[in-house]
1. Can you pull the Kirkwood radius for segment 300-376, inverse mean 1/r over Cα pairs, to one decimal in Å?
2. Could you report the chain's accessible area per residue, 1.4 Å probe, as an integer in Å²?
3. Please give the charge dipole size of the chain, origin at the Cα centre, charges +1 on K and R Cβ atoms and -1 on D and E Cβ atoms. Round to the nearest 20 debye.
4. Per DSSP helix of 4 or more residues, -39500 (n - 2.57); summed, then divided by the residues of the chain. What does that give at 222 nm, rounded to the nearest 500?
5. Report, in listed order, any pair from 129/378; 343/368; 372/398; 195/282; 313/412 with a Cα-Cα distance greater than 18 Å.
6. Starting from a Cα-only point model with no solvent, please compute log10 I(q)/I(0) by Debye for segment 103-238 at q = 0.17, 0.19, 0.22 1/Å.
7. In Å and from the alpha-carbon atoms only, list the Rg and Dmax of segment 338-398.
8. Using the membrane-span-like helix rule (whole DSSP H runs, Cα extent along the own axis of at least 15 Å, mean Kyte-Doolittle hydropathy at least 1.0), which helices of the chain qualify?
Amino acid sequence: MASMLPRGAAAARLRLLLRPAALAPGPVRAASQALSAALVRRGGLVGGRWVETAAVFPVQDPASGEELGRVSDCGAAEARAAVRAAHEAGAAWGRLPAKERSARLRRWYELMMENKEELARIITAESGKPLKEAQGEITYSASFLEWFAEEARRIYGDVIPASAKDRRVLVLKQPVGVAAIITPWNFPSAMITRKVGAALAAGCTVVVKPAEDTPLSALALGELANQAGIPAGVYNVVPCSRQQAAAVGEVLCTDPLVSKISFTGSTTTGKILLKHAAGTVKRVSMELGGHAPFIVFDSANVDRAVAGALASKYRNSGQTCVCTNRFLVQKGIHDEFVEKFAKAIDKELHVGNGFDAKTTQGPLINEKAVEKVEKHIKDAVSQGASIVTGGKRHSLGKNFFEPTLLTNVTTKMLCTQEETFGPLAPVIRFETEAEAVAIANATNVGLAGYFYSQDPAQIWRVAEQLEVGMVGVNEGIISSAECPFGGVKESGLGREGSKYGIDEYLELKYVCFGGL
(Lines give C-alpha, C1' and ligand atoms only; values in the text may rest on other atoms or scores of the structure.)
Protein backbone atom coordinates (compact mmCIF):
# COMPACT_ATOMS: atom_id res chain seq x y z
CA MET A 1 0.00 0.00 0.00
CA ALA A 2 1.34 3.41 -0.94
CA SER A 3 2.17 5.72 1.92
CA MET A 4 -0.85 7.62 3.17
CA LEU A 5 1.00 9.90 5.62
CA PRO A 6 1.91 13.52 4.94
CA ARG A 7 5.58 14.30 4.52
CA GLY A 8 7.78 16.83 6.24
CA ALA A 9 6.29 19.14 8.84
CA ALA A 10 2.80 17.77 8.35
CA ALA A 11 4.00 14.33 9.36
CA ALA A 12 5.32 15.68 12.64
CA ARG A 13 1.94 17.19 13.39
CA LEU A 14 -0.05 14.08 12.57
CA ARG A 15 1.04 11.90 15.53
CA LEU A 16 -0.67 8.76 14.36
CA LEU A 17 -0.46 5.29 15.76
CA LEU A 18 -1.36 2.72 13.10
CA ARG A 19 -2.77 -0.62 14.20
CA PRO A 20 -3.93 -3.62 12.18
CA ALA A 21 -7.68 -3.77 11.65
CA ALA A 22 -7.80 -7.15 13.39
CA LEU A 23 -7.07 -5.55 16.76
CA ALA A 24 -10.12 -4.29 18.63
CA PRO A 25 -10.50 -2.24 21.80
CA GLY A 26 -12.37 -3.59 24.78
CA PRO A 27 -16.15 -3.49 24.98
CA VAL A 28 -18.06 -0.35 25.87
CA ARG A 29 -21.25 -0.21 27.89
CA ALA A 30 -24.51 1.65 27.53
CA ALA A 31 -27.12 1.63 30.26
CA SER A 32 -25.80 -1.73 31.48
CA GLN A 33 -25.92 -3.07 27.91
CA ALA A 34 -22.53 -4.37 26.76
CA LEU A 35 -21.60 -3.77 23.13
CA SER A 36 -19.58 -6.43 21.37
CA ALA A 37 -15.89 -5.68 20.97
CA ALA A 38 -16.04 -7.33 17.55
CA LEU A 39 -17.55 -4.23 15.94
CA VAL A 40 -16.59 -1.40 18.28
CA ARG A 41 -13.66 0.66 17.02
CA ARG A 42 -12.16 3.80 18.52
CA GLY A 43 -9.74 4.88 15.81
CA GLY A 44 -10.27 6.42 12.41
CA LEU A 45 -10.04 4.23 9.31
CA VAL A 46 -7.50 5.46 6.76
CA GLY A 47 -6.20 3.35 3.92
CA GLY A 48 -7.63 0.15 5.40
CA ARG A 49 -5.87 0.59 8.75
CA TRP A 50 -7.10 1.84 12.12
CA VAL A 51 -5.65 5.19 13.12
CA GLU A 52 -5.44 6.45 16.69
CA THR A 53 -4.61 10.06 17.53
CA ALA A 54 -3.17 11.61 20.67
CA ALA A 55 -6.41 13.55 21.18
CA VAL A 56 -9.71 11.75 21.79
CA PHE A 57 -13.30 12.78 22.41
CA PRO A 58 -16.09 11.08 24.38
CA VAL A 59 -19.17 9.39 22.95
CA GLN A 60 -22.09 9.48 25.35
CA ASP A 61 -25.35 7.62 25.81
CA PRO A 62 -28.01 10.37 25.57
CA ALA A 63 -30.37 8.35 27.77
CA SER A 64 -28.11 8.11 30.81
CA GLY A 65 -25.29 10.54 30.09
CA GLU A 66 -22.92 7.61 30.58
CA GLU A 67 -19.70 7.70 28.58
CA LEU A 68 -19.60 4.86 26.08
CA GLY A 69 -15.94 5.30 25.24
CA ARG A 70 -13.47 7.68 23.65
CA VAL A 71 -12.79 7.93 19.93
CA SER A 72 -9.82 9.36 18.04
CA ASP A 73 -10.28 13.08 17.43
CA CYS A 74 -9.13 13.41 13.84
CA GLY A 75 -8.16 16.83 12.52
CA ALA A 76 -7.16 18.45 9.26
CA ALA A 77 -4.02 16.33 8.89
CA GLU A 78 -5.92 13.07 9.26
CA ALA A 79 -8.56 14.29 6.85
CA ARG A 80 -5.91 15.07 4.24
CA ALA A 81 -4.33 11.64 4.77
CA ALA A 82 -7.71 9.99 4.25
CA VAL A 83 -8.33 11.98 1.06
CA ARG A 84 -4.93 10.94 -0.28
CA ALA A 85 -5.59 7.28 0.62
CA ALA A 86 -8.93 7.44 -1.19
CA HIS A 87 -7.32 9.09 -4.22
CA GLU A 88 -4.59 6.46 -4.40
CA ALA A 89 -7.13 3.64 -4.17
CA GLY A 90 -9.47 5.22 -6.70
CA ALA A 91 -7.85 4.18 -9.97
CA ALA A 92 -7.80 0.47 -9.15
CA TRP A 93 -11.32 0.47 -7.68
CA GLY A 94 -12.75 2.37 -10.66
CA ARG A 95 -11.14 -0.09 -13.09
CA LEU A 96 -12.57 -3.16 -11.36
CA PRO A 97 -15.26 -4.84 -13.45
CA ALA A 98 -18.69 -3.74 -12.27
CA LYS A 99 -19.46 -7.36 -11.42
CA GLU A 100 -16.60 -7.42 -8.90
CA ARG A 101 -17.64 -4.15 -7.27
CA SER A 102 -21.14 -5.56 -7.09
CA ALA A 103 -19.92 -8.72 -5.35
CA ARG A 104 -18.01 -6.75 -2.70
CA LEU A 105 -21.03 -4.54 -1.97
CA ARG A 106 -23.25 -7.59 -1.82
CA ARG A 107 -20.93 -9.22 0.71
CA TRP A 108 -20.94 -6.02 2.79
CA TYR A 109 -24.75 -6.12 2.76
CA GLU A 110 -24.73 -9.76 3.89
CA LEU A 111 -22.35 -8.99 6.77
CA MET A 112 -24.59 -6.13 7.90
CA MET A 113 -27.57 -8.46 8.03
CA GLU A 114 -25.55 -11.13 9.83
CA ASN A 115 -24.54 -8.53 12.44
CA LYS A 116 -27.89 -6.72 12.53
CA GLU A 117 -28.44 -7.06 16.27
CA GLU A 118 -25.01 -5.78 17.27
CA LEU A 119 -25.16 -2.89 14.80
CA ALA A 120 -28.59 -1.94 16.13
CA ARG A 121 -27.34 -1.96 19.71
CA ILE A 122 -24.55 0.43 18.74
CA ILE A 123 -27.12 2.82 17.24
CA THR A 124 -29.30 2.67 20.34
CA ALA A 125 -26.32 3.21 22.63
CA GLU A 126 -24.99 6.31 20.90
CA SER A 127 -28.20 7.91 19.60
CA GLY A 128 -30.81 6.78 22.13
CA LYS A 129 -33.09 5.44 19.39
CA PRO A 130 -35.42 2.62 20.53
CA LEU A 131 -33.87 -0.74 19.74
CA LYS A 132 -36.74 -1.78 17.48
CA GLU A 133 -36.25 1.39 15.42
CA ALA A 134 -32.49 0.80 15.37
CA GLN A 135 -33.05 -2.71 14.03
CA GLY A 136 -35.29 -1.22 11.35
CA GLU A 137 -32.58 1.28 10.48
CA ILE A 138 -30.01 -1.46 9.96
CA THR A 139 -32.35 -3.30 7.60
CA TYR A 140 -33.00 -0.03 5.77
CA SER A 141 -29.29 0.83 5.79
CA ALA A 142 -28.24 -2.54 4.41
CA SER A 143 -30.88 -2.29 1.68
CA PHE A 144 -28.89 0.50 0.02
CA LEU A 145 -25.82 -1.72 -0.27
CA GLU A 146 -28.02 -4.45 -1.73
CA TRP A 147 -29.70 -2.02 -4.14
CA PHE A 148 -26.53 -0.37 -5.38
CA ALA A 149 -24.73 -3.72 -5.65
CA GLU A 150 -27.31 -4.46 -8.31
CA GLU A 151 -27.18 -0.98 -9.87
CA ALA A 152 -23.39 -1.23 -10.26
CA ARG A 153 -23.97 -3.59 -13.18
CA ARG A 154 -26.47 -1.28 -14.88
CA ILE A 155 -24.37 1.82 -15.53
CA TYR A 156 -25.14 2.05 -19.21
CA GLY A 157 -23.74 4.54 -21.70
CA ASP A 158 -25.23 5.52 -25.08
CA VAL A 159 -24.52 5.32 -28.78
CA ILE A 160 -25.85 8.43 -30.52
CA PRO A 161 -26.63 8.55 -34.25
CA ALA A 162 -23.88 10.74 -35.73
CA SER A 163 -24.48 13.73 -38.01
CA ALA A 164 -21.73 12.59 -40.41
CA LYS A 165 -21.29 9.17 -41.98
CA ASP A 166 -17.58 8.92 -41.09
CA ARG A 167 -18.17 9.41 -37.34
CA ARG A 168 -19.45 7.37 -34.42
CA VAL A 169 -20.62 9.10 -31.25
CA LEU A 170 -20.53 7.51 -27.78
CA VAL A 171 -21.41 8.64 -24.24
CA LEU A 172 -19.50 6.98 -21.40
CA LYS A 173 -20.33 7.14 -17.68
CA GLN A 174 -17.28 7.29 -15.42
CA PRO A 175 -16.78 7.76 -11.64
CA VAL A 176 -16.30 11.35 -10.51
CA GLY A 177 -13.44 10.38 -8.16
CA VAL A 178 -13.04 10.85 -4.41
CA ALA A 179 -16.33 11.64 -2.63
CA ALA A 180 -16.48 13.34 0.77
CA ILE A 181 -19.44 12.00 2.76
CA ILE A 182 -20.66 14.11 5.70
CA THR A 183 -23.49 12.58 7.71
CA PRO A 184 -25.79 13.41 10.68
CA TRP A 185 -26.46 11.65 13.97
CA ASN A 186 -30.16 10.81 13.60
CA PHE A 187 -29.59 7.93 11.14
CA PRO A 188 -25.93 7.13 11.83
CA SER A 189 -25.87 4.04 9.60
CA ALA A 190 -28.46 4.63 6.86
CA MET A 191 -27.23 8.10 5.94
CA ILE A 192 -23.81 6.57 5.26
CA THR A 193 -24.84 3.57 3.16
CA ARG A 194 -27.33 5.59 1.11
CA LYS A 195 -24.42 7.70 -0.09
CA VAL A 196 -21.53 5.24 0.06
CA GLY A 197 -23.42 2.44 -1.67
CA ALA A 198 -24.02 4.64 -4.70
CA ALA A 199 -20.49 6.04 -4.68
CA LEU A 200 -18.76 2.65 -4.52
CA ALA A 201 -21.09 1.14 -7.10
CA ALA A 202 -20.15 3.97 -9.48
CA GLY A 203 -16.43 3.29 -8.93
CA CYS A 204 -15.74 6.19 -6.55
CA THR A 205 -13.85 6.02 -3.26
CA VAL A 206 -15.02 7.84 -0.13
CA VAL A 207 -13.98 9.66 3.01
CA VAL A 208 -16.74 9.64 5.63
CA LYS A 209 -17.00 12.25 8.36
CA PRO A 210 -19.68 10.97 10.75
CA ALA A 211 -21.50 13.16 13.26
CA GLU A 212 -19.53 13.74 16.45
CA ASP A 213 -22.42 12.28 18.52
CA THR A 214 -22.52 8.96 16.66
CA PRO A 215 -19.13 7.88 15.25
CA LEU A 216 -19.31 4.26 16.44
CA SER A 217 -21.79 3.24 13.74
CA ALA A 218 -19.59 4.57 10.94
CA LEU A 219 -16.57 2.79 12.37
CA ALA A 220 -18.49 -0.48 12.75
CA LEU A 221 -19.43 -0.23 9.07
CA GLY A 222 -15.73 0.21 8.36
CA GLU A 223 -14.89 -3.01 10.17
CA LEU A 224 -17.46 -4.87 8.10
CA ALA A 225 -16.22 -3.21 4.91
CA ASN A 226 -12.77 -4.59 5.63
CA GLN A 227 -14.25 -8.04 6.24
CA ALA A 228 -16.24 -7.80 3.00
CA GLY A 229 -13.08 -7.28 0.98
CA ILE A 230 -13.60 -3.61 0.20
CA PRO A 231 -10.00 -2.66 -0.74
CA ALA A 232 -7.87 -0.46 1.51
CA GLY A 233 -8.53 3.21 0.91
CA VAL A 234 -11.91 2.75 -0.75
CA TYR A 235 -13.88 3.40 2.47
CA ASN A 236 -12.23 5.79 4.95
CA VAL A 237 -13.63 7.27 8.17
CA VAL A 238 -12.38 10.36 10.02
CA PRO A 239 -14.29 10.78 13.30
CA CYS A 240 -13.84 14.10 15.05
CA SER A 241 -15.15 16.21 17.90
CA ARG A 242 -17.37 19.25 17.48
CA GLN A 243 -14.27 21.41 17.97
CA GLN A 244 -12.50 19.79 14.99
CA ALA A 245 -15.56 19.50 12.74
CA ALA A 246 -15.10 22.84 10.98
CA ALA A 247 -11.43 22.15 10.16
CA VAL A 248 -12.15 18.64 8.90
CA GLY A 249 -15.13 19.81 6.89
CA GLU A 250 -13.10 22.57 5.28
CA VAL A 251 -10.41 20.09 4.18
CA LEU A 252 -13.01 17.77 2.67
CA CYS A 253 -14.65 20.65 0.80
CA THR A 254 -11.51 22.36 -0.45
CA ASP A 255 -8.92 19.63 -1.10
CA PRO A 256 -8.41 19.47 -4.89
CA LEU A 257 -8.26 15.65 -4.75
CA VAL A 258 -11.92 15.58 -3.64
CA SER A 259 -14.27 15.69 -6.62
CA LYS A 260 -17.65 15.31 -4.94
CA ILE A 261 -19.34 16.27 -1.67
CA SER A 262 -22.47 14.64 -0.29
CA PHE A 263 -23.91 16.15 2.88
CA THR A 264 -26.96 15.55 5.03
CA GLY A 265 -27.64 18.06 7.77
CA SER A 266 -28.90 21.55 8.47
CA THR A 267 -29.51 24.11 5.75
CA THR A 268 -27.20 26.54 7.55
CA THR A 269 -24.27 24.13 7.51
CA GLY A 270 -25.04 23.12 3.93
CA LYS A 271 -24.67 26.72 2.78
CA ILE A 272 -21.27 26.97 4.46
CA LEU A 273 -20.08 23.79 2.75
CA LEU A 274 -21.35 25.06 -0.60
CA LYS A 275 -19.21 28.17 -0.22
CA HIS A 276 -16.14 26.05 0.52
CA ALA A 277 -16.87 23.76 -2.43
CA ALA A 278 -17.23 26.65 -4.84
CA GLY A 279 -13.49 27.36 -4.83
CA THR A 280 -12.72 24.15 -6.69
CA VAL A 281 -16.14 23.76 -8.36
CA LYS A 282 -16.89 20.37 -6.83
CA ARG A 283 -19.94 18.28 -7.58
CA VAL A 284 -22.33 18.66 -4.65
CA SER A 285 -25.46 16.86 -3.47
CA MET A 286 -27.18 17.84 -0.26
CA GLU A 287 -30.18 16.79 1.80
CA LEU A 288 -30.89 19.71 4.10
CA GLY A 289 -33.56 20.84 6.56
CA GLY A 290 -37.25 20.12 6.21
CA HIS A 291 -40.51 21.59 7.50
CA ALA A 292 -42.95 18.88 6.47
CA PRO A 293 -46.68 19.65 6.36
CA PHE A 294 -49.24 16.94 7.12
CA ILE A 295 -52.65 17.89 5.71
CA VAL A 296 -55.86 16.09 6.71
CA PHE A 297 -58.81 16.94 4.48
CA ASP A 298 -62.47 16.46 5.37
CA SER A 299 -62.64 13.52 2.96
CA ALA A 300 -59.87 11.63 4.77
CA ASN A 301 -60.20 8.38 6.65
CA VAL A 302 -59.54 9.86 10.08
CA ASP A 303 -58.37 6.64 11.72
CA ARG A 304 -55.80 6.06 8.96
CA ALA A 305 -54.73 9.69 9.18
CA VAL A 306 -54.15 9.38 12.93
CA ALA A 307 -52.06 6.23 12.45
CA GLY A 308 -50.02 7.96 9.74
CA ALA A 309 -49.60 11.06 11.88
CA LEU A 310 -48.30 9.03 14.81
CA ALA A 311 -45.72 7.28 12.62
CA SER A 312 -44.67 10.38 10.72
CA LYS A 313 -44.33 12.68 13.75
CA TYR A 314 -42.95 10.56 16.55
CA ARG A 315 -40.51 8.21 14.81
CA ASN A 316 -37.12 8.68 16.50
CA SER A 317 -38.84 11.10 18.90
CA GLY A 318 -39.47 13.51 16.05
CA GLN A 319 -35.79 13.69 15.12
CA THR A 320 -35.87 12.93 11.40
CA CYS A 321 -35.62 15.31 8.47
CA VAL A 322 -38.91 14.05 7.01
CA CYS A 323 -40.86 14.09 10.27
CA THR A 324 -44.05 16.11 10.12
CA ASN A 325 -43.49 19.55 11.60
CA ARG A 326 -46.92 21.14 10.94
CA PHE A 327 -50.34 19.49 11.02
CA LEU A 328 -53.06 21.19 8.98
CA VAL A 329 -56.54 19.76 9.64
CA GLN A 330 -59.70 20.85 7.86
CA LYS A 331 -62.42 22.28 10.09
CA GLY A 332 -65.00 19.55 9.37
CA ILE A 333 -62.94 16.78 11.01
CA HIS A 334 -60.56 18.88 13.13
CA ASP A 335 -62.03 18.04 16.54
CA GLU A 336 -62.40 14.34 15.77
CA PHE A 337 -58.80 14.13 14.54
CA VAL A 338 -57.37 15.94 17.58
CA GLU A 339 -59.34 13.77 20.00
CA LYS A 340 -58.27 10.51 18.36
CA PHE A 341 -54.68 11.72 17.91
CA ALA A 342 -54.40 12.58 21.61
CA LYS A 343 -55.77 9.17 22.62
CA ALA A 344 -53.32 7.42 20.28
CA ILE A 345 -50.39 9.37 21.72
CA ASP A 346 -51.34 8.43 25.28
CA LYS A 347 -52.00 4.79 24.40
CA GLU A 348 -49.32 3.94 21.83
CA LEU A 349 -46.27 5.98 22.84
CA HIS A 350 -44.01 4.97 25.71
CA VAL A 351 -41.03 7.10 26.79
CA GLY A 352 -38.00 5.22 28.04
CA ASN A 353 -34.48 3.96 27.53
CA GLY A 354 -34.04 2.65 24.01
CA PHE A 355 -32.96 -0.77 25.32
CA ASP A 356 -36.30 -1.28 27.10
CA ALA A 357 -38.57 -3.45 24.93
CA LYS A 358 -41.71 -1.33 25.44
CA THR A 359 -40.02 1.98 24.57
CA THR A 360 -41.21 3.81 21.48
CA GLN A 361 -39.83 7.23 22.44
CA GLY A 362 -36.19 7.45 23.42
CA PRO A 363 -34.29 10.54 24.56
CA LEU A 364 -33.51 13.50 22.38
CA ILE A 365 -29.88 13.62 21.28
CA ASN A 366 -28.86 16.28 23.83
CA GLU A 367 -30.19 18.96 26.15
CA LYS A 368 -29.92 21.65 23.48
CA ALA A 369 -32.50 19.74 21.45
CA VAL A 370 -34.81 19.60 24.47
CA GLU A 371 -34.44 23.33 25.01
CA LYS A 372 -35.57 24.01 21.44
CA VAL A 373 -38.76 21.99 21.98
CA GLU A 374 -39.42 23.90 25.20
CA LYS A 375 -38.86 27.21 23.42
CA HIS A 376 -41.36 26.33 20.69
CA ILE A 377 -44.01 25.25 23.20
CA LYS A 378 -43.54 28.33 25.37
CA ASP A 379 -43.81 30.61 22.36
CA ALA A 380 -46.96 28.88 21.08
CA VAL A 381 -48.72 28.90 24.46
CA SER A 382 -47.86 32.58 24.95
CA GLN A 383 -49.71 33.27 21.70
CA GLY A 384 -52.82 31.29 22.59
CA ALA A 385 -52.03 27.66 21.75
CA SER A 386 -53.42 24.95 24.03
CA ILE A 387 -51.55 21.89 25.27
CA VAL A 388 -53.72 18.81 24.72
CA THR A 389 -51.18 16.31 26.04
CA GLY A 390 -47.53 16.39 27.11
CA GLY A 391 -45.76 19.73 27.15
CA LYS A 392 -42.84 19.20 29.50
CA ARG A 393 -39.65 17.26 30.18
CA HIS A 394 -40.13 13.67 31.23
CA SER A 395 -39.15 12.54 34.71
CA LEU A 396 -36.70 9.98 33.27
CA GLY A 397 -33.97 12.55 32.71
CA LYS A 398 -32.90 15.83 31.16
CA ASN A 399 -32.88 14.57 27.56
CA PHE A 400 -36.36 13.01 27.70
CA PHE A 401 -39.45 14.96 26.65
CA GLU A 402 -43.11 14.05 26.68
CA PRO A 403 -44.80 13.56 23.29
CA THR A 404 -46.75 16.79 22.93
CA LEU A 405 -49.87 17.86 21.02
CA LEU A 406 -50.88 21.51 20.61
CA THR A 407 -54.11 22.99 19.23
CA ASN A 408 -55.23 26.55 18.44
CA VAL A 409 -51.93 26.96 16.61
CA THR A 410 -51.37 29.79 14.12
CA THR A 411 -48.82 30.40 11.39
CA LYS A 412 -47.27 33.19 13.48
CA MET A 413 -45.86 30.76 16.03
CA LEU A 414 -42.23 29.56 15.96
CA CYS A 415 -43.24 25.90 15.77
CA THR A 416 -44.89 26.58 12.39
CA GLN A 417 -42.09 28.77 11.07
CA GLU A 418 -39.03 26.59 11.76
CA GLU A 419 -38.21 22.93 12.19
CA THR A 420 -38.59 21.71 15.78
CA PHE A 421 -36.81 18.34 15.43
CA GLY A 422 -38.53 16.95 18.48
CA PRO A 423 -41.75 15.29 19.73
CA LEU A 424 -44.03 18.29 19.21
CA ALA A 425 -47.18 18.14 17.03
CA PRO A 426 -48.81 21.56 16.43
CA VAL A 427 -52.26 21.49 14.77
CA ILE A 428 -53.56 24.33 12.59
CA ARG A 429 -57.24 24.44 11.62
CA PHE A 430 -57.97 25.41 8.00
CA GLU A 431 -61.08 25.86 5.88
CA THR A 432 -60.26 25.39 2.17
CA GLU A 433 -57.90 23.31 0.08
CA ALA A 434 -56.31 26.44 -1.38
CA GLU A 435 -55.65 27.75 2.13
CA ALA A 436 -53.96 24.51 3.18
CA VAL A 437 -51.72 24.39 0.10
CA ALA A 438 -50.76 28.05 0.58
CA ILE A 439 -49.78 27.45 4.22
CA ALA A 440 -47.86 24.29 3.33
CA ASN A 441 -45.86 26.08 0.61
CA ALA A 442 -45.15 29.26 2.60
CA THR A 443 -41.59 28.26 3.48
CA ASN A 444 -38.13 28.40 1.92
CA VAL A 445 -37.63 24.62 2.26
CA GLY A 446 -39.39 21.65 0.71
CA LEU A 447 -38.26 18.14 1.59
CA ALA A 448 -41.32 15.97 2.36
CA GLY A 449 -45.05 16.59 2.58
CA TYR A 450 -48.01 14.38 3.51
CA PHE A 451 -51.76 14.58 3.07
CA TYR A 452 -54.79 12.38 3.61
CA SER A 453 -57.76 12.47 1.26
CA GLN A 454 -60.13 10.04 -0.44
CA ASP A 455 -61.03 12.42 -3.24
CA PRO A 456 -59.13 11.32 -6.40
CA ALA A 457 -59.28 14.73 -8.05
CA GLN A 458 -58.05 16.41 -4.89
CA ILE A 459 -55.23 13.89 -4.57
CA TRP A 460 -53.92 14.76 -8.03
CA ARG A 461 -54.26 18.51 -7.46
CA VAL A 462 -52.53 18.62 -4.10
CA ALA A 463 -49.77 16.15 -4.98
CA GLU A 464 -48.82 18.32 -7.94
CA GLN A 465 -49.10 21.63 -6.06
CA LEU A 466 -47.09 20.81 -2.93
CA GLU A 467 -43.61 22.33 -3.26
CA VAL A 468 -41.65 19.39 -1.88
CA GLY A 469 -39.40 16.68 -3.28
CA MET A 470 -41.40 13.79 -1.80
CA VAL A 471 -45.13 13.40 -1.19
CA GLY A 472 -46.89 10.81 0.95
CA VAL A 473 -50.55 10.36 -0.02
CA ASN A 474 -52.42 8.48 2.71
CA GLU A 475 -49.00 7.30 3.95
CA GLY A 476 -46.86 8.60 6.80
CA ILE A 477 -43.67 6.61 6.06
CA ILE A 478 -42.37 6.87 2.50
CA SER A 479 -38.62 6.10 2.42
CA SER A 480 -37.18 3.07 0.60
CA ALA A 481 -34.03 2.22 -1.33
CA GLU A 482 -35.91 2.05 -4.63
CA CYS A 483 -37.29 5.61 -4.43
CA PRO A 484 -35.51 8.95 -5.00
CA PHE A 485 -34.93 10.84 -1.76
CA GLY A 486 -34.36 14.61 -1.79
CA GLY A 487 -35.89 18.04 -1.66
CA VAL A 488 -36.50 21.31 -3.47
CA LYS A 489 -35.91 24.97 -2.58
CA GLU A 490 -33.39 25.16 0.30
CA SER A 491 -33.93 21.53 1.26
CA GLY A 492 -31.12 20.40 -0.96
CA LEU A 493 -29.61 19.41 -4.27
CA GLY A 494 -29.76 16.07 -6.04
CA ARG A 495 -31.38 12.76 -5.12
CA GLU A 496 -30.29 9.69 -3.15
CA GLY A 497 -31.39 6.09 -3.49
CA SER A 498 -33.25 4.71 -6.52
CA LYS A 499 -31.82 4.39 -10.02
CA TYR A 500 -31.20 8.14 -9.96
CA GLY A 501 -28.93 8.10 -6.90
CA ILE A 502 -25.94 6.59 -8.68
CA ASP A 503 -25.95 9.42 -11.26
CA GLU A 504 -24.75 11.79 -8.52
CA TYR A 505 -21.38 9.98 -8.60
CA LEU A 506 -20.95 9.67 -12.37
CA GLU A 507 -19.57 12.00 -15.04
CA LEU A 508 -20.73 11.88 -18.65
CA LYS A 509 -17.95 11.74 -21.23
CA TYR A 510 -18.73 12.36 -24.89
CA VAL A 511 -16.46 10.45 -27.31
CA CYS A 512 -16.42 11.21 -31.03
CA PHE A 513 -14.69 8.70 -33.35
CA GLY A 514 -13.84 10.32 -36.65
CA GLY A 515 -12.24 9.30 -39.93
CA LEU A 516 -14.16 6.05 -40.24
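The values are calculated or read from the model by the stated rules, or taken from the named source; none is laboratory data. These numbers were taken from a predicted model, which means no experiment stands behind them. Every residue, glycine as well, gets a Cβ built from its backbone with ideal geometry; the counts of neighbours run over all protein chains shown. Just so you know, the surface numbers come from the protein's heavy atoms only, side chains and all, with ligands and any DNA or RNA stripped out. Shrake-Rupley method; radii C 1.70, N 1.55, O 1.52, S 1.80 Å.
1. Result for segment 300-376, one decimal place: 13.7 Å.
2. With all protein chains present, the chain gives 40 Å² per residue.
3. 1680 debye
4. Calculated mean residue ellipticity at 222 nm is -12000 deg cm²/dmol.
5. In this structure, 129/378; 343/368; 313/412 exceed 18 Å between Cα atoms.
6. At q = 0.17, 0.19, 0.22 Å⁻¹ the computed log10 ratios are -0.83, -1.01, -1.30.
7. Looking at segment 338-398, its Cα Rg and Dmax stand at 13.0, 39 Å.
8. Numbers: long enough: 76-95 (29 Å, -0.16); 98-114 (24 Å, -1.20); 116-127 (16 Å, -0.33); 131-151 (30 Å, -0.32); 190-202 (18 Å, 1.07); 215-227 (19 Å, 0.56); 242-254 (19 Å, 0.31); 267-278 (16 Å, 0.18); 302-314 (18 Å, 0.38); 334-348 (20 Å, -0.97); 367-382 (22 Å, -0.81).
Flagged H segments are 190-202.
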